[in-house]
Amino acid sequence: MKSRSDDPVVALVAAAGSGSRLGGEVPKALRPLAGVPLVAHSLARLAAGGVERAVVVVADGLQPDFERALSDAPIPWQLVIGGSERQHSVRRGLDLIGRSGPAEIVLVHDAARPMVPPSVVAAVIAAVRAGHVAVVPALPVVDSIRRVDSRGTADGSIVSEVVDRAPLRAVQTPQGFAYATLVAAHDHVARLGLEVTDDAACCEAIGESVHLVPGSRLAMKVTEPTDMVVAEALLAAFGEQVRRS
Ligand code: C5P
């Protein structure tokens with residue numbers, strides 16, 4: 001494994017989704033959490049964890065709104081227009097990162113995870129620096145899980161069976177990568193027209209293995225309206241701790 005002790009760290013923040021499940025007029029990444037847009041929270045946490053610059057992928061037409069939202073960001077950032085699917089947005093962000101300076105380590109983060117503790121960001125960076133080319137923060141699954149058979153039965157009832165949750169992990173962001181590996185992985189996936197769930201899965205498609213580090217409940221993803229309420233409460237209770245972690 002190659003050691004990457006001095007390599008610069010760039011974040012690719014995916015913020016081009018509409019956030020339709022959250023609802024409301026304002027796109028999700030621009031929604032205020034305690035008065036600060038989600039995307040600005042994300043950049044502050046990434047910077048505190050060791051990220052040196054960021055490329056933020058945004059929906060076309062919203063550049064002025066993101067420029068305002070990020071005017072106080074602690075690290076330099078650039079905007080790029082995203083695509084119709086998350087993986088297209090990430091690909092565009094990777095292209096800009098490659099054009100705009102040295103990049104050996106890239107952290108791909110969902111703007112929708114505004115509370116990720118800097119300690120998780122730092123752990124992901126440390127694992128990539130140690131030589132792992134694809135690193136993912138993950139947590140054990142706490143809910144009981146059932147698998148449903150979407151075909152159901154003749155009378156319309158849903159058929160389901162319990163799944164052993166012990167070996168399951170819920171995956172969070174930021175996911176950390178050797179830049180060249182992630183670009184090769186996205187090229188491969190695009191060439192074959194594969195649909196992948198996340199960037200780590202892209203890397204597995206070219207035969208790389210994924211290294212897990214512990215995630216955090218605070219790195220929850222804001223998806224539905226109740227998540228905003230939970231995020232507000234977490235920020236009120238743990239915000240200072242997150243800033244110092
Ligand atoms: O839709 P979902 O919540 O899974 O999106 C995860 C992240 O990917 C969000 O931060 C969203 O803004 C981003 N995204 C994107 N481009 C898309 C779709 C989603 O950057 N086309």
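The values are calculated or read from the model by the stated rules, or taken from the named source; none is laboratory data. Just so it is clear, the model here is predicted, and its values are computed rather than measured. Here the Cβ is made from the backbone with ideal geometry for all residues, glycine too, and neighbour counts use every protein chain on show.
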Looking only at region 201-231, which residues are charged (D, E, K, R), within 15 Å of the ligand (Cβ to nearest atom) and closer than 20 Å to P174 by Cβ?
K221, D227
Which of (1) surrounded by 23 or more Cβ atoms within 10 Å (Cβ to Cβ); (2) in a loop (DSSP other than H, G, I, E, B) is the odd one out, the single condition P102 does not satisfy?
(1)
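Touching a residue at least 12 places away in the same chain (Cβ under 8 Å) and either closer than 30 Å to P74 by Cβ or among the hydroxyl-bearing types (S, T, Y) (or both): which single residue out of E240, E161, E224, E208 fits that description?
On the way: E240 fails: touching a residue at least 12 places away in the same chain (Cβ under 8 Å); E161 fails: either closer than 30 Å to P74 by Cβ or among the hydroxyl-bearing types (S, T, Y) (or both); E208 fails: either closer than 30 Å to P74 by Cβ or among the hydroxyl-bearing types (S, T, Y) (or both).
Every option except E224 fails the conditions.
In this structure, is A14 buried (at least 17 other Cβ atoms within 10 Å of the Cβ), without any contact (Cβ under 8 Å) to a residue 60 or more places away in the chain and part of a strand (DSSP E or B)? Before the answer, list the steps.
Numbers: buried (at least 17 other Cβ atoms within 10 Å of the Cβ): yes; without any contact (Cβ under 8 Å) to a residue 60 or more places away in the chain: no; part of a strand (DSSP E or B): yes.
No; evaluated as a whole, the condition is false for this residue.
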Only one of these conditions is not met by V51: (1) within 14 Å of the ligand (Cβ to nearest atom); (2) in a loop (DSSP other than H, G, I, E, B); (3) among the β-branched types (V, I, T). Which number is it?
(1)
Looking at A44, A40, which is the one that is over 13 Å from the mean Cα position of the chain (by Cα), aliphatic (A, V, I, L, M) and away from the ligand (no atom under 14 Å from the Cβ)?
A44
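When region 193-237 is examined, which residues are found to be closer than 18 Å to G83 by Cα and modelled with pLDDT of 95 or more?
First pass over region 193-237, keeping only residues closer than 18 Å to G83 by Cα: 193-199, 202.
The answer is D199, C202.
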Taking region 173-205, which residues are surrounded by 22 or more Cβ atoms within 10 Å (Cβ to Cβ) and either free of Cβ contacts under 8 Å to residues at least 60 places away in the same chain or part of a strand (DSSP E or B) (or both)?
Q175, G176, F177, A178, A185
